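First the structure, in the form of structure tokens, and then the observations on it.
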Ligand SMILES: [Fe+2]
């Protein structure tokens with residue numbers, strides 16, 4: 001990325017130019033990144049079994065020896081595979097992988113991944129395509145607000161395809177489980193209708209390091225350096241927008 005046009009943008013990186021909804025929230029998963037030790041096998045499985053085309057396969061900018069591949073669910077949603085030279089092939093059930101949609105796994109690790117289709121007919125057709133590729137499928141199962149099939153991906157991935165939408169929270173938030181989670185009635189109201197901070201007048205400064213807050217881990221000493229950089233420096237120096245293959249007319 002070339003430097004931005006104006007001095008203020010250079011100092012701060014991009015700035016908000018238009019109106020932003022007060023109830024701003026993420027509206028989908030742009031990409032879920034999954035580690036792999038066999039890019040070709042994963043891309044092939046996702047193409048042949050699930051029908052997802054490969055849309056990108058290129059070096060991960062700034063990460064030595066690491067490349068990533070993106071398969072498309074929709075133009076707004078992808079699954080990315082990341083092949084780092086130090087990725088481990090060791091699957092530890094209950095630690096690194098859950099093994100099934102009901103298995104235990106380390107907190108923060110993926111339990112299972114559910115992919116969306118629009119209709120029950122499409123779900124059944126997907127089940128048949130998966131089975132036609134030799135992969136065993138459990139289901140469909142009707143969960144009320146969605147219907148699901150379950151199966152395994154490569155490298156121990158626990159996968160689901162489901163259809164359904166618009167969960168009615170009045171029916172599906174169980175008071176017994178809510179209490180078990182230590183959530184009070186008032187806290188539950190705030191969870192159902194988030195009470196958001198008012199937007200600031202301008203860019204918000206990077207908060208100081210706080211060990212009580214979650215931290216990224218780039219390695220010893222690196223986090224401090226990266227978090228101390230201005231947004232302008234990060235935008236100018238970490239951005240890489242040139243595709244690996246130039247388009248020919
Ligand atoms: Fe699920």
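Under 6 Å between Cβ atoms, which residue pairs at least 6 apart in sequence (or on different chains) link something in the range 29-50 that is within 14 Å of residue 110 (Cβ to Cβ) with a partner that is in a loop (DSSP other than H, G, I, E, B)?
Qualifying pairs under 6 Å: 35/87.
Go through the residues of the range 188-197 one by one and say whether even a single one is within 29 Å of residue 19 (Cα to Cα), within 16 Å of the ligand (Cβ to nearest atom) and either assigned to a helix (DSSP H, G or I) or at pLDDT below 95 (or both). Reasoning before the result, please.
Step one: list which residues in the range 188-197 are within 29 Å of residue 19 (Cα to Cα), which gives 189-197.
Subset that is within 16 Å of the ligand (Cβ to nearest atom): none.
Looking for residues that are within 29 Å of residue 19 (Cα to Cα), within 16 Å of the ligand (Cβ to nearest atom) and either assigned to a helix (DSSP H, G or I) or at pLDDT below 95 (or both), one finds none in the range 188-197, hence no.
Restricting the search to the range 134-151, which residues are in contact with a helix residue (DSSP H, G or I) (Cβ under 6 Å, 6 or more places away or on another chain) and away from the ligand (no atom under 14 Å from the Cβ)?
Hit for the range 134-151 is 137, nothing else.
On the basis of being outside any loop (DSSP other than H, G, I, E, B), over 19 Å from the mean Cα position of the chain (by Cα) and farther than 24 Å from residue 123 by Cα, does residue 64 make the cut? Write out each step before concluding.
Working: outside any loop (DSSP other than H, G, I, E, B): no; over 19 Å from the mean Cα position of the chain (by Cα): yes; farther than 24 Å from residue 123 by Cα: yes.
The answer is no for residue 64.
Kindly list the number of the only condition in (1) more than 15 Å from the ligand (Cβ to nearest atom); (2) assigned by TED's automatic domain parsing to the domain that holds residue 156 that fails for residue 99.
(1)
Mind checking whether some residue in the range 4-27 is part of a strand (DSSP E or B) and either over 18 Å from residue 231 (Cα atoms) or modelled with pLDDT under 95 (or both)?
No; the residues of the range 4-27 include none that is part of a strand (DSSP E or B) and either over 18 Å from residue 231 (Cα atoms) or modelled with pLDDT under 95 (or both).
Please verify whether residue 177 is more than 12 Å from the ligand (Cβ to nearest atom) and either closer than 23 Å to residue 103 by Cβ or surrounded by 10 or more Cβ atoms within 10 Å (Cβ to Cβ) (or both), treating the condition exactly as stated.
Numbers: more than 12 Å from the ligand (Cβ to nearest atom): yes; either closer than 23 Å to residue 103 by Cβ or surrounded by 10 or more Cβ atoms within 10 Å (Cβ to Cβ) (or both): yes.
In short, yes.
Under the condition of being touching a helix residue (DSSP H, G or I) at 6+ places or on another chain (Cβ under 8 Å) and away from the ligand (no atom under 12 Å from the Cβ), which residue from the range 152-162 is nearest to residue 105 (Cα to Cα)?
We begin by selecting, within the range 152-162, every residue touching a helix residue (DSSP H, G or I) at 6+ places or on another chain (Cβ under 8 Å); these are 153-155, 161-162.
Now restrict to residues that are away from the ligand (no atom under 12 Å from the Cβ): 153-155.
Working: 153: 17, 154: 17, 155: 15 Å.
Out of the qualifying residues, it is 155.
For the range 128-156, which positions are surrounded by 14 or more Cβ atoms within 10 Å (Cβ to Cβ) and in contact (Cβ under 8 Å) with a residue 60 or more places away in the chain?
Residues satisfying the conditions are 129, 130, 135, 153, 154, 155, 156.
So, residue 214, is that one free of Cβ contacts under 8 Å to residues at least 60 places away in the same chain, over 22 Å from the mean Cα position of the chain (by Cα) and either exposed (fewer than 10 other Cβ atoms within 10 Å of the Cβ) or closer than 20 Å to residue 60 by Cβ (or both) or not? Break it down into steps so the answer makes sense when it comes.
Values: free of Cβ contacts under 8 Å to residues at least 60 places away in the same chain: yes; over 22 Å from the mean Cα position of the chain (by Cα): no; either exposed (fewer than 10 other Cβ atoms within 10 Å of the Cβ) or closer than 20 Å to residue 60 by Cβ (or both): yes.
No; evaluated as a whole, the condition is false for this residue.
The values are calculated or read from the model by the stated rules, or taken from the named source; none is laboratory data. Bear in mind that the values here come from a model prediction, so they are computed numbers and not experimental data. Ideal geometry is used to build each Cβ from the backbone, glycine not excepted, and the neighbour counts take in all protein chains shown.
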